[in-house]
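J.: I have a structure here, written as structure tokens, and I will follow up with some questions on it.
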Amino acid sequence: MSDPINNWQPTACILCSRNCGIEVEVQGREMKRIRGDKAHPISAGYLCQKAQRLNYYQNHADRLTTPLRRTADGTFEAISWDTAIAEIAGKLVALRDTYGGESLAYFGGGGQGNHLAGPYGKALRTAMQTRNYYSALAQEKTGGFWVDGRLYGRQNCHATEDVEHADVVVFIGTNPWQSHGIRNARVFLRELHKDPNRKMIVIDPRRTETAALADLHLQVRPGTDAFLLAAILATIVREGAEDAEFLASRTTGFDAVRTALLDVPIEAYAKRAGIAVEAVQQAARWITNANRCAVRTDLGIEHTLHSTLNQYLRALLYLLTGNFNRPGGNVLHTALIPLMGHLEEGEQQKRSAVTKFPFITNLLPPNILPAEINNDDSSRTRGLLIDSANPLVSMPDTQAYREAFAKLDLLVVIDVAMTETAQLAHYVLPASSQFEKAEATFFTMEFPANAFHLRRPLFEPLPGTLTEPEIYTRLIRAMGALPSDFSDLKAAAGQGRLAFAMAFQKFMKQQPELADFGPVILYETLGPTLPDGLAGAAYLWATAHQFAAKHPDAVRRAGHKGEGAMLGESLFESIISSPSGVLFSVNEYEEAWNFVRHKDHRIHLEIPEMLAELRELCADEPERTADYPFVLMAGERRSYNANTIYRDPAWRKDDPDGALRIHPDDAALMSIDNGGWVQCESKGGAVIARVEITDTVLPGVVTLPHGYGLEYPDENSIRKLTGVNINELTSVEDCDALAGTPWHKHIPVRLSLVTK
Ligand SMILES: Nc1nc2c(c(=O)[nH]1)N[C@H]1C(S)=C(S)[C@@H](COP(=O)(O)OP(=O)(O)OC[C@H]3O[C@@H](n4cnc5c(=O)[nH]c(N)nc54)[C@H](O)[C@@H]3O)O[C@H]1N2
Ligand SMILES: Nc1nc2c(c(=O)[nH]1)N[C@H]1C(S)=C(S)[C@@H](COP(=O)(O)OP(=O)(O)OC[C@H]3O[C@@H](n4cnc5c(=O)[nH]c(N)nc54)[C@H](O)[C@@H]3O)O[C@H]1N2
Ligand code: SF4
Ligand SMILES: [Mo]
């Protein structure tokens, strides 16, 4: 709750998908002190050390305060908003009308705290007449969405993990102690560790902080989870330990899966993964003997070899054992606004213009973007608008991105900071920060009680900046995509939401072609009537109505009252008047079966492409070559990295350079000292990193964090680089064939000593 005397204001942390509720002591434009918000419906007061430093995001030397235009000599000049909007809109329209809308692309809608602009981005893509949509989500989760689409009928059927009620929890390729991803991770992990009746299995090549608390740590070789998971699943079916009743009543296709798994050479695959067969059996038995088992996975299986197959196999782990849609298992959940859509596969499937890569949901993978731009094909991408992403550092193959961006006719970046990507733009548009506008994320992935948090601004927008709803609306208007000034709707909004509802419904019926512009229309008409700087959230009014009409019982269980349209109205009212967040749905477990979207409401276990890849696995795959004797896991979550959201290196309390972790045996062989410097070279590039010797990594494996390699001005305004941009080492080609997910955690490298 806000506390006007000490000026503690509720908002949320914007550094990871948990978006813990926080309270900020606001002093002028500073975030003086930060504490957990006990009133937040999910995090209930929890926060981690990263959130304490949020003032480094809000106030720093790289904040943008005026629109910028690149000049002929490559420097930037400040221009007015009117000039910027008119010129950008003019160029977008010219490219669209000369080369077709598909010559334009959009990158963004990601970010760990700012999703409210997402629907405005869709409106802009409609004005641009393009479907080309790239985001960070499509470099980690789209393989999983594709698998979900086959299993459950829609690519946006997403299963969460009820780890809190499980008696066996399996973490694969994730280190929640650092990355979180589950509710109040550190409190939960400590409790799980202490509880003699519950078990934790961790599959990770590194002895992470999470693995150190596990009852069983399978220290798998990097990139071999497909072998290990196949061996565990094969053990389960060989022992007949699958949940036959669940499989018979809730699924189809088990016979094909079983046949494929029975062919798995368990011993050879366990060996390939570097795990003893006894440990494989132990894991299989704990999982099958559990009353309730939940599986949580993340980048460790996504950013590596067999990315999509790994995500299929992890799903089989909970599906074959019947740990699905029940307490303590993996459960399909509601979403107020789904993070992703659904796309039918088949002949008519959308593909990218040049590389012909198939979309998954509505997204294309960042791994193909350089190739879509950097070629002489007439259908190449010529104009790109990037919002709240820093692909030059975050996406694979910085060099490929650099070269591709140089070829663009138009690059526009909307950001709060002068990023590496912004440095290459033709126009840079300064956005108000996430604490200067209404914001929210769509990471609503809880079950049975799911929450949404619409945050209010803590500060006035920094002078010179605009919010994204305003930027998008101005751009779309300047492109001539909106037919009128909506004066009738504005007048209706002045008479209250009931009158507005009728007018809006009539308007949209008369002009259905404006459907994608709905958020912009609501922003201009209903927006000004909303309190507390919430105009940008006006479209949530329509969202709340749609959600309540679809899930009335769940909305009522969450405490909202009313029948028909009044229920939607009540949900919207709660959203805008709950500054610490609000529950929007409470489900019963049986209802989760309604979220399976195949007509027969069964899970379709057989995915031929995945079973074919499973059959083609070859235990003799060479792991390393003599040229590149180490495997680099590039992108480790640590105490002091947070994607590229913090730019001022002073936010870190330790690990100033983002050290390269290496095993003591390897360090001894190479005569490297702790704190010394090495060159780390892949086929794509080389970087110089400081060394940290630790036996938490396997011999032959080294790790580096992501989120470093950012420039920031020192006290003399000289821009200095801190740490290593690991994407100088990665390559666009090294990715999953089906989803385009990069193999960041499996980069062959060689090391050599350097003096620095
Ligand atoms: N501190 C911090 N937290 C964050 C972020 C941050 O930048 N900093 N970023 C957020 C974001 S965007 C995301 S997507 C999440 C990601 O969260 P996580 O996926 O949990 O984070 P990572 O540390 O990248 O990878 C998880 C683990 O995968 C392991 N791993 C590497 N290779 C393999 C392999 O071949 N097999 C298996 N089984 N494991 C492997 C690594 O050793 C590591 O412990 O974190 C979020 N939280
Ligand atoms: N090699 C390697 N690469 C990786 C990873 C890895 O593990 N290894 N991790 C990957 C993962 S999982 C992810 S999610 C991506 C993340 O990569 P990106 O999608 O690039 O996301 P962020 O680093 O979060 O960058 C967010 C940008 O948004 C800006 N921003 C912050 N607030 C606002 C706002 O209110 N408005 C606007 N317009 N901009 C804002 C920030 O200044 C920053 O430039 O990185 C990926 N890159
Ligand atoms: S877990 Fe930490 S970084 Fe993630 S939202 Fe909560 S406080 Fe922020
Ligand atoms: Mo991510």
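J.: I need the helices (runs of 4 or more DSSP H) fully contained in the stretch 486-526, keeping only those with at least 3 residues that are crowded, with 22+ Cβ neighbours inside 10 Å.
T.: 518-525
J.: Continuing with the same structure: Go over the candidates Ala478, Ala451, Ala499, Ala503 one by one and state the one that is more than 16 Å from ligand 4 (Cβ to nearest atom) and either closer than 22 Å to Arg125 by Cβ or assigned by TED's automatic domain parsing to the domain that holds Asn727 (or both).
T.: Within the list Ala478, Ala451, Ala499, Ala503, the selection yields Ala478.
J.: Now for a different question. Scanning for something within 16 Å of Arg638 (Cβ to Cβ), without any contact (Cβ under 8 Å) to a residue 60 or more places away in the chain, surrounded by fewer than 21 Cβ atoms within 10 Å (Cβ to Cβ) and over 26 Å from the mean Cα position of the chain (by Cα), does the stretch 694-714 turn up at least one residue?
T.: Within the stretch 694-714 (the criterion being within 16 Å of Arg638 (Cβ to Cβ), without any contact (Cβ under 8 Å) to a residue 60 or more places away in the chain, surrounded by fewer than 21 Cβ atoms within 10 Å (Cβ to Cβ) and over 26 Å from the mean Cα position of the chain (by Cα)), the answer is yes, since at least one residue qualifies.
J.: Ok, one more. Examine the stretch 278-290 for a residue that is in contact with a Gly (Cβ under 9 Å, 6 or more places away or on another chain) and either over 16 Å from Arg221 (Cβ atoms) or without any contact (Cβ under 8 Å) to a residue 12 or more places away in the chain (or both), and state whether such a residue exists.
T.: Within the stretch 278-290 (the criterion being in contact with a Gly (Cβ under 9 Å, 6 or more places away or on another chain) and either over 16 Å from Arg221 (Cβ atoms) or without any contact (Cβ under 8 Å) to a residue 12 or more places away in the chain (or both)), the answer is yes, since at least one residue qualifies.
J.: Given Pro457, Pro463, which one is over 22 Å from Leu540 (Cα atoms), outside the structural domain of Ala127 (by TED's automatic domain parsing), in contact (Cβ under 8 Å) with a residue 60 or more places away in the chain and in a loop (DSSP other than H, G, I, E, B)?
T.: Checking each option against the conditions leaves just Pro463.
J.: A follow-up question, please. Do we find a residue being within 16 Å of ligand 2 (Cβ to nearest atom), within 30 Å of Asp600 (Cβ to Cβ), of a type in the set (A, V, I, L, M, F, W, C) and part of a helix (DSSP H, G or I) anywhere in the stretch 112-132?
T.: Checked the stretch 112-132: no residue is within 16 Å of ligand 2 (Cβ to nearest atom), within 30 Å of Asp600 (Cβ to Cβ), of a type in the set (A, V, I, L, M, F, W, C) and part of a helix (DSSP H, G or I).
Residue-by-condition table, conditions (1) more than 16 Å from ligand 2 (Cβ to nearest atom); (2) small (Gly, Ala, Ser):
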position	(1), (2)
Gly322	yes, yes
Pro370	no, no
Asn375	yes, no
Leu384	no, no
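J.: So which residues in the stretch 215-271 are out of contact with any helix residue (DSSP H, G or I) (no Cβ under 7 Å at 6 or more places or on another chain), among the β-branched types (Val, Ile, Thr) and either farther than 13 Å from Leu320 by Cα or without any contact (Cβ under 8 Å) to a residue 24 or more places away in the chain (or both), if there are any at all?
T.: Residue satisfying the conditions is Thr259 alone.
J.: Just checking, how many residues over the stretch 531-563 are more than 22 Å from Ala515 (Cβ to Cβ) and either of a type in the set (Ser, Thr, Tyr) or part of a loop (DSSP other than H, G, I, E, B) (or both)?
T.: 10
J.: Looking at this structure, is Gly723 more than 16 Å from Leu753 (Cα to Cα), within 15 Å of ligand 1 (Cβ to nearest atom) and either among the small types (Gly, Ala, Ser) or at pLDDT below 95 (or both)?
T.: yes
J.: Pull out all pairs, ordered by first then second residue, where Cβ-Cβ is under 8 Å, the residues are six or more apart or on different chains, the first lies in the stretch 131-152 and is free of Cβ contacts under 8 Å to residues at least 24 places away in the same chain and closer than 12 Å to Thr361 by Cβ, and the second is of a type in the set (Lys, Arg) and within 16 Å of ligand 3 (Cβ to nearest atom).
T.: none
J.: Here's a follow-up. For the stretch 273-372, please list each of the helices (runs of 4 or more DSSP H) lying entirely inside it that holds at least 1 residues being within 26 Å of Gly109 (Cα to Cα) and of a type in the set (A, V, I, L, M, F, W, C).
T.: Fully inside the stretch 273-372 and qualifying: 299-302.
J.: Okay, next question. Of all the residues that make up the stretch 387-427, how many are over 17 Å from Asn374 (Cβ atoms) and assigned to a strand (DSSP E or B)?
T.: Total meeting the criteria: 7.
J.: Where the second residue is within 12 Å of ligand 1 (Cβ to nearest atom) and among the β-branched types (Val, Ile, Thr) and the first is farther than 20 Å from Glu420 by Cβ and in a loop (DSSP other than H, G, I, E, B) and lies in the stretch 637-664, which pairs have Cβ atoms under 6 Å and are six or more apart or on separate chains?
T.: Within 6 Å, the pairs are His663/Val697.
J.: Need at least 3 residues that are in contact with a Phe, Trp or Tyr (Cβ under 7 Å, 6 or more places away or on another chain) and surrounded by fewer than 16 Cβ atoms within 10 Å (Cβ to Cβ) per element, so show me which strands (runs of 3 or more DSSP E) inside the stretch 1-87 make the cut, counting only ones lying wholly within it.
T.: It comes to none.
J.: Another one. Could you please find all residues in the stretch 152-179 being within 19 Å of Glu446 (Cβ to Cβ), surrounded by 23 or more Cβ atoms within 10 Å (Cβ to Cβ) and within 16 Å of ligand 4 (Cβ to nearest atom)?
T.: Matches in the stretch 152-179: Thr174, Pro176.
J.: Which one of Tyr134, Tyr99, Tyr120 is away from ligand 4 (no atom under 16 Å from the Cβ), among the aromatic types (Phe, Trp, Tyr), modelled with pLDDT of 95 or more and under 29 Å from the mean Cα position of the chain (by Cα)?
T.: Answer to the selection: Tyr120.
J.: Name the pairs whose Cβ atoms lie under 6 Å apart, with the first residue in the stretch 15-30 and modelled with pLDDT of 95 or more, the second of a type in the set (Lys, Arg) and within 16 Å of ligand 2 (Cβ to nearest atom), and 6 or more positions between them or separate chains?
T.: What qualifies is Leu15/Lys50.
J.: Within the group Ser671, Ser682, Ser639, which residue is of a type in the set (Gly, Ala, Ser), more than 13 Å from ligand 2 (Cβ to nearest atom) and in contact with a Leu (Cβ under 9 Å, 6 or more places away or on another chain)?
T.: Only one candidate qualifies: Ser671.
Rundown of residues vs (1) on the phi > 0 side of the Ramachandran plot; (2) small (Gly, Ala, Ser); (3) more than 16 Å from ligand 3 (Cβ to nearest atom), yes/no style:
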residue: Gly121; (1), (2), (3): no, yes, yes
residue: Ala127; (1), (2), (3): no, yes, yes
residue: Thr130; (1), (2), (3): no, no, yes
residue: Val163; (1), (2), (3): no, no, no
residue: Val169; (1), (2), (3): no, no, yes
residue: Ile172; (1), (2), (3): no, no, yes
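J.: For the condition closer than 14 Å to Thr297 by Cα and either among the acidic types (Asp, Glu) or more than 16 Å from ligand 4 (Cβ to nearest atom) (or both), what is the one hit in Ala244, Ala211?
T.: Ala211
J.: Does Asp620 satisfy the criteria of being touching a strand residue (DSSP E or B) at 6+ places or on another chain (Cβ under 7 Å), of a type in the set (Asp, Glu) and either surrounded by 15 or more Cβ atoms within 10 Å (Cβ to Cβ) or not in a strand (DSSP E or B) (or both)?
T.: So Asp620 does not fit the description; no.
The values are calculated or read from the model by the stated rules, or taken from the named source; none is laboratory data. Quick caveat: nothing in here was measured; it's all calculated off a predicted structure. Cβ: placed from backbone, ideal geometry, glycine included. Neighbour counts: every protein chain shown.
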